[in-house]
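The values are calculated or read from the model by the stated rules, or taken from the named source; none is laboratory data. For clarity, every value in this text was computed on a predicted model and none was experimentally measured. Counting neighbours? That spans all protein chains shown, and the Cβs are built from the backbone with ideal geometry, glycine included.
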Amino acid sequence: MISTSPSATRKRTLGIDLGTANTVVVAPGAGIVYDEPTVCCFQAYDAVPRFVTAGTEARNFVGRVAKPLKIVRPLRNGVLSDMVATRELFQFVRRSVGPLRRFGKIRPDIGIPADATQSERRALETAAMDAGFARPRLFSEPLLAAIGLDLDIAEPRGRMIVDCGAGTTEVAVISLGGVCLSKAARGGGEALDQALIDYFASHHRFKIGHSSAEALKIQLSNVLAGDGEKGWVEVRGLEMATGLPRTVQMPAAEVLPVWLKHVEQIVHIVRDALSETPPGLSEGILEDGITLTGGGALDRMIADSIEAETGVRAYAAEGALHSVARGLERLIEGSSVR
């Protein structure tokens, strides 16, 4: 159960949605005060690392830096993978947000995957405290998403949330203010990016970067929603044989199998979660449908595939991209949670 009374929240002054792709920070009374990529740039990282920058500025360096500069991503598959980079990112966030309290340390609430291990939780707490924060409180991201979407989580009724993130896809069944059941597949949208990169390298001897793969995902989603498999997509990169920049056009149907493999993984864990959900909670899910949040929810093909395979209505929530951050905002402001 989550308490949101003012007495329980008065010492906490920040909410941090630390995602694999983006970090969003909310402050009481101010809403979203920071929304930038979760990426850092260091100098001489493999020797004596010196932090250079983070966020949008560091993202602009990706694929454009040479030694001694190095781009480091603090999270992989939804959990902390680099302690130094995570600590520096937290410090960068503190400086970017500005002073929020005159006395004492800032105590943040941070969203984490529902299946995070105790060691992963401790590592995140340590990184936050090393950055100058007080010990944070950690909350399940699917539960925060439900709060941010203003779903009645306190009711004795099953609600299914599918959080489609860059590093992990989580499926959670929520009732009575807690997570009753959860499933996760590590490697979300970023895994699809890498699969597209590998496909072009192996089948076309064509090298594309993560930004091109991300743009291709959006383009492919729009094409499939419109012209279907008969549409065409365009991607820019380098010919591996000549090293020269090129633009390649191809039918959407050619890269569709790569896309479908990613979607099938999400459908699989949704079906597993539904099969393990008690009948009393399944009734609510059948009536209310399956709610999709996170950046991946914007891909209509995911919701359509889940609905086709399960027979349960699936839909992308309004405000899906910032639902976890909005949930954190409600917590730190002491708003009532239904």
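A few notes on this one:
- Flag for Ile110 being modelled with pLDDT of 95 or more, part of a strand (DSSP E or B) and not small (Gly, Ala, Ser): yes
- Among the residues of region 298-330, the ones that are surrounded by 22 or more Cβ atoms within 10 Å (Cβ to Cβ) and at pLDDT below 90 come to 1 in all.
- Filtered residues of region 27-57 (kept if farther than 30 Å from Arg330 by Cα and either of a type in the set (Gly, Ala, Ser) or not assigned by TED's automatic domain parsing to the domain that holds Leu89 (or both)): Ala44, Ala47
- Matching entry among Val235, Val270, Val258 (being modelled with pLDDT of 90 or more, under 24 Å from Gly187 (Cα atoms), part of a helix (DSSP H, G or I) and in contact with a strand residue (DSSP E or B) (Cβ under 7 Å, 6 or more places away or on another chain)): Val270
- Residue that is farthest from the chain's Cα centre (by Cα), among those in region 157-199 that are in contact (Cβ under 8 Å) with a residue 40 or more places away in the chain and in a helix (DSSP H, G or I): Tyr199
- Number of the exception - Val26 against (1) modelled with pLDDT under 90; (2) touching an Asp or Glu at 6+ places or on another chain (Cβ under 6 Å); (3) β-branched (Val, Ile, Thr): (1)
- Set Ser7, Ser3: member being among the polar types (S, T, N, Q), modelled with pLDDT under 95 and within 19 Å of Val324 (Cα to Cα): Ser3
- Scoring Ser140 on the criteria (1) polar (S, T, N, Q); (2) within 30 Å of Thr291 (Cα to Cα); (3) surrounded by fewer than 20 Cβ atoms within 10 Å (Cβ to Cβ) leaves a single failure, condition (3).
- If the condition is being charged (D, E, K, R), within 15 Å of the chain's Cα centre (by Cα) and in a helix (DSSP H, G or I), then region 287-338 contributes only Arg326.
- Taken residue by residue, region 93-103 has at least one member that is among the small types (Gly, Ala, Ser) and surrounded by fewer than 24 Cβ atoms within 10 Å (Cβ to Cβ).
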